[in-house]
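The values are calculated or read from the model by the stated rules, or taken from the named source; none is laboratory data. Just so it is clear, the structure is predicted and the values come from calculations on it, not from any experiment. As a convention, Cβ positions derive from the backbone with ideal geometry for all residues, glycine included, and neighbour counts pool all protein chains shown.
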């Protein structure tokens with residue numbers, strides 16, 4: 001492939017994902033369909049199906065395309081500050097308006113569509129967990145994290161309370177909530 | 001009302017909830033309907049709708065009827081053991097077979113049905129949060145929990161990692177996982 005067709009392909013992919021987000025915000029996840037995205041983006045629906053197997057997979061990629069690099073961990077040398085910055089970015093992207101309701105609907109879909117669940121884990125959760133473990137390992141080497149902290153649990157411990165707020169109580173995921181969760185997790189339940 | 005009709009009403013309520021669980025296990029949440037429960041239980045569907053506004057509300061009550069007292073906290077004087085015992089019971093009831101998939105589907109439904117979300121919080125999450133806070137307060141008074149631990153967060157911190165496993169990674173919720181989560185939460189991330 002020469003450069004020009006590849007570039008046109010990438011532009012078309014970007015246009016489809018932008019259309020997905022735009023239409024998703026307008027009509028909501030339940031009414032979103034690959035057919036409707038194709039019609040508005042001016043492409044055939046097979047063009048979309050060649051790349052994405054379901055509207056769940058398409059929406060997930062579209063959401064993540066917004067800010068992938070922003071979900072990397074900074075390394076300022078202060079683990080509490082770096083976790084906070086990364087979680088703020090994740091919460092700003094996926095935990096509130098305008099895209100929070102779409103992400104929430106996607107997780108809802110993952111409860112009865114195995115393929116959406118697998119895609120969510122492969123494309124988002126597992127890479128985030130790897131980044132989290134890497135950042136915490138570096139912090140542990142610098143004595144900023146308890147040496148026996150179970151790193152395999154890091155993602156569940158750090159993000160579990162956020163998903164609880166998003167999916168169960170369905171109350172706003174604010175920066176203040178993130179701060180309180182991090183303070184509690186660093187301190188632990190046991191009296192010092 | 002004399003005693004006999006009240007007793008017959010309670011028996012009918014129990015029979016409807018048992019039928020709901022039985023049918024839910026057989027055909028899954030997606031295909032479960034109030035009409036199908038009514039037909040199998042031998043009651044009119046209006047009898048069910050008088051008490052439950054949706055299949056989500058009916059299923060939630062049915063699940064909780066299995067083991068409500070088992071979800072109370074013991075108070076042996078050892079907070080870590082008591083939390084563990086209560087979370088084991090909750091995980092045994094709602095986190096695995098045979099009822100785990102139905103509970104998972106119900107939480108999925110709560111992502112697009114506001115009434116199911118409200119019912120889930122009113123009938124299950126809020127009462128559990130109250131019990132958790134009460135047990136932790138008693139533990140704090142006995143010096144078993146850090147004096148500045150943010151009790152309003154207790155439910156999110158303790159159960160968030162369990163919901164993460166149930167809804168996001170969708171891996172088995174074992175007692176061993178519960179133990180690891182509790183150990184990590186008691187110890188905290190910060191080096192001692």
Quick one: how many residues across region A:159-186 are within 7 Å of another protein chain (Cβ to nearest Cβ) and crowded, with 21+ Cβ neighbours inside 10 Å?
-> 11
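Restrict the check to region A:9-17 and report whether at least one residue is outside the structural domain of residue A:159 (by TED's automatic domain parsing), closer than 30 Å to residue B:109 by Cβ and either free of Cβ contacts under 8 Å to residues at least 24 places away in the same chain or crowded, with 20+ Cβ neighbours inside 10 Å (or both). Show your work before the answer.
Taking region A:9-17 first, the residues outside the structural domain of residue A:159 (by TED's automatic domain parsing) are A:9-17.
The next check asks that each one be closer than 30 Å to residue B:109 by Cβ; those that pass are A:16-17.
Keeping just the survivors that are either free of Cβ contacts under 8 Å to residues at least 24 places away in the same chain or crowded, with 20+ Cβ neighbours inside 10 Å (or both) gives A:16-17.
Checked against the condition, which is being outside the structural domain of residue A:159 (by TED's automatic domain parsing), closer than 30 Å to residue B:109 by Cβ and either free of Cβ contacts under 8 Å to residues at least 24 places away in the same chain or crowded, with 20+ Cβ neighbours inside 10 Å (or both), region A:9-17 yields at least one hit.
Counting residues that are surrounded by 15 or more Cβ atoms within 10 Å (Cβ to Cβ) and at the interface with chain A (Cβ under 8 Å from one of its Cβ atoms), which helices (runs of 4 or more DSSP H) fully inside region B:91-158 reach at least 2?
Numbers: elements: B:100-110, B:114-120, B:126-141.
Fully inside region B:91-158 and qualifying: B:100-110, B:114-120.
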What number goes with the only condition from (1) farther than 24 Å from residue A:155 by Cβ; (2) touching a helix residue (DSSP H, G or I) at 6+ places or on another chain (Cβ under 7 Å) that residue B:131 does not pass?
-> (2)
If you go through region B:91-108 one residue at a time, do you hit one that is over 18 Å from the mean Cα position of the chain (by Cα) and outside the structural domain of residue B:19 (by TED's automatic domain parsing)?
-> no
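Taking residue A:27, is it in contact with a helix residue (DSSP H, G or I) (Cβ under 8 Å, 6 or more places away or on another chain) and either touching a residue at least 24 places away in the same chain (Cβ under 8 Å) or surrounded by 18 or more Cβ atoms within 10 Å (Cβ to Cβ) (or both)?
Numbers: in contact with a helix residue (DSSP H, G or I) (Cβ under 8 Å, 6 or more places away or on another chain): yes; either touching a residue at least 24 places away in the same chain (Cβ under 8 Å) or surrounded by 18 or more Cβ atoms within 10 Å (Cβ to Cβ) (or both): no.
So residue A:27 fails the test.
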Answer from B:82, B:61, B:75 - the residue that is touching a residue at least 24 places away in the same chain (Cβ under 8 Å), assigned to a helix (DSSP H, G or I) and under 18 Å from residue B:133 (Cα atoms) = B:82
